[in-house]
Amino acid sequence: MFISKIGIENYRNFKKFECELKQFTLIIGENNIGKTNLIKAISLIISPEFSSIRYRQLSIDDINYSAVQSFKVKVLKALNDEISPDQVEFPEVSVSITLADFDDKQKSVVFNWFVDDKYDKATLTYQFYPSQVSLSSMQWFTALKDRIIEGESITTDMIDFPIDTYRYRIFGGNDNNKAFDTFSLSLMRMEFLDAMRDARKELVWQNEHRLLNKVLASKLSNKALSKELLSSISNLNDSIKNDTLVKDLIDEIKEKLESISYGKENQSVDYAFKDINNKDIFKRLCIQYGIEPVSIERNGLGRNNLLYIALVLSQLEHREGYENQPYFRLIAIEEPEAHLHPHLQKHLAYRLSKQLCENFETGNCKEGKDCGLKCKMRQIIVTSHSTHVTCHLSLLNTVILFNNNGEVNNHYILKGLELDKYKQSVYYLSKFLDATNATMFYSRRIILVEGIAEEILIPLFYQRIYQRTLESFGITLVNVRGIAFKHFLEIIKNGFFVKCVAFTDSDSTNGISTNVVKLKRDYEDNSNGVISISVSNQTTFEMDIIDSNRTEQNQVMVLSALKACHPNLTEEYKAMHNGELDVEKCFEIIYSKDKGRNSKSDFAFELLNTITSNPQVEFSVPSYILEGFIFVNG
């Protein structure tokens, strides 16, 4: 069993949101897009703090801001008699999860939550709603209206939201009046490692709320201490009693006790381990790690983070005889990459996916044979900002949260790419989306380029024109290393609706090449305005740069860069040509192979250095680049 879908309304930054989930799901996206809020929403239903009413009783800040403001605007209209109070609708918070893929035991537990005749989907819903449904009957509304002074204007800021009238309920299936089985819900366990976790505190047994306490308590549940351990504790007890320092202290306590109490009473005082069978002996345990083990307090943050995650993952294990054995476990981990270097991030990402099964998504699953179907009892959700984590986990399980005109949308990277039809794209993206290029999934705008020359110069062009960096505007530049734009544009076209411009060469002296025409037809014309194919006026990027800077005033930069790459050829050219630059001849110098290779990247680097070193000298950016910048900024 796993949560196959979540629907959220009016919770925090989610106005109306729906997202499919998988047995292992990686959720990525920019900061403050709602990754944490999504997990928090699930925890309103499945929570380790099941008995805590305060935990599910939301505050005003938990209700979507725009929903609250819309409510206040309608209240204001009602106060001004522009509409009837009955037309004012209270915003309600709703979180619904759909459960699927049950084994027989799970079916018997969730039977009352099924929503179809096939018994293959069950739902659980959390609602936060006003206990009084009519605005006109509410005391706060009447009191608010009575406070309005004749002729005085009132604003929405003066309207208090009636949060005190709100209550919550959880129900299974489609009937919100049907009581749900609290015991069944309590056997759905969730562990949440939030991004602000303090691993050091959780790895020692300081009190019953610490993770180590919880894990050891569950491991030891219903299990008596061994005879050998009890014998050791008894011997330790005797040794302590017979120690000279201990005896002296006991005698001193007895003496003071006799002086402040009735002398005839029994003044027997002694030491003993209290209630040995209650496992209190383990409260002094802490974890050490390393070839030369040190205390948790002295460990590095990265090492403690690994220990913490390992301890939580141990909670996933099925334990025979464990009281109230859960039939479903969800583990949600925020930013597992915290404090880890890139290699460990990659390895941890790989191992997290294997917590479901060693054969997870390998095509070698032995379901129904030898594995015991433990994966049916587990689900893992990971959120991350790390491109090292992103590029090392399956794209099939990776969903992006992104802002689309003020609403939070989601898109699985490979959704819409039929595996047979787009096998090449899936393979290409899986291999090509390294830690650098995966940054496109955390951006607000995307620029795609053909090669290293564009990758070097376009960020400089943007900064020279707008006096700000690409990064400051949330723009990611991706070098597709050729003309493989379609693999990336498919992702954007199919649902990752962020603005994207592809800068491509026309590669033809007689107009636009067939490849560019196809790109425009397939993507620019069918993208609802989020994709633009910006094509060079000349055959290549470098030729457009030369053509845009042909005048005597502008050509200084180009000639300086050419000379740095090929001094002899440039001097020969200058001796034979005066006035405006000859585009073809200059490009021949760039493409010259007198060094055994063409020097397009060398020219780009030299031009970068020249422009950076001479900010006062005129330089013109090619017009098709300018047009692309205008589009991506819009």
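The set of residues in segment 168-185 being among the polar types (S, T, N, Q) and under 32 Å from the mean Cα position of the chain (by Cα) consists of ASN174, ASN176, THR182, SER184. For SER613, the criteria (1) of a type outside the set (Asp, Glu); (2) within 24 Å of VAL535 (Cα to Cα); (3) exposed (fewer than 13 other Cβ atoms within 10 Å of the Cβ) hold in every case but one, which is (2).
Taken over segment 320-337, residues that are at pLDDT below 75 and surrounded by 14 or more Cβ atoms within 10 Å (Cβ to Cβ) amount to 1. For segment 90-104, the set of residues classified as in contact with a helix residue (DSSP H, G or I) (Cβ under 9 Å, 6 or more places away or on another chain) and loosely packed, with under 13 Cβ neighbours inside 10 Å consists of ASP103 only.
When residues in segment 480-500 are screened for being surrounded by 18 or more Cβ atoms within 10 Å (Cβ to Cβ) and either closer than 22 Å to SER601 by Cβ or free of Cβ contacts under 8 Å to residues at least 24 places away in the same chain (or both), 3 of them pass.
One line per residue, one yes/no per condition, for (1) under 23 Å from SER43 (Cβ atoms); (2) modelled with pLDDT of 75 or more; (3) among the charged types (D, E, K, R):
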residue	(1), (2), (3)
THR142	no, yes, no
THR155	no, yes, no
ARG200	no, no, yes
LYS214	yes, no, yes
SER231	no, yes, no
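Within segment 73-121, being at positive phi and either among the charged types (D, E, K, R) or at pLDDT below 85 (or both) holds for ASP81, ASP101. Of the residues VAL535, VAL530, VAL501, the single one that is in contact with a Ser or Thr (Cβ under 7 Å, 6 or more places away or on another chain) and under 30 Å from ILE27 (Cβ atoms) is VAL501.
Rundown of residues vs (1) assigned to a helix (DSSP H, G or I); (2) within 30 Å of VAL632 (Cα to Cα); (3) in contact with a strand residue (DSSP E or B) (Cβ under 9 Å, 6 or more places away or on another chain), yes/no style:
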position	(1), (2), (3)
MET543	yes, yes, no
ILE546	yes, yes, no
GLU552	no, no, no
CYS586	yes, no, no
PHE605	yes, yes, no
THR612	yes, yes, no
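Kindly indicate whether any position in segment 15-27 is outside any helix (DSSP H, G or I), more than 30 Å from LEU414 (Cβ to Cβ) and in contact with a Phe, Trp or Tyr (Cβ under 7 Å, 6 or more places away or on another chain). Checked against the condition, which is being outside any helix (DSSP H, G or I), more than 30 Å from LEU414 (Cβ to Cβ) and in contact with a Phe, Trp or Tyr (Cβ under 7 Å, 6 or more places away or on another chain), segment 15-27 yields no hits at all. Within segment 175-185, one or more residues are modelled with pLDDT under 85, surrounded by 12 or more Cβ atoms within 10 Å (Cβ to Cβ) and either on the phi > 0 side of the Ramachandran plot or hydroxyl-bearing (Ser, Thr, Tyr) (or both). Filtering ASP86, ASP116, ASP61 for residues that are outside any helix (DSSP H, G or I), out of contact with any His (no Cβ under 7 Å at 6 or more places or on another chain) and surrounded by fewer than 18 Cβ atoms within 10 Å (Cβ to Cβ) leaves a single hit, ASP116.
The values are calculated or read from the model by the stated rules, or taken from the named source; none is laboratory data. Note that the structure is a prediction, hence the values are computed from the model and not measured. With ideal geometry, Cβ positions are generated from the backbone for all residues, glycine too; neighbour counts draw on all protein chains shown.
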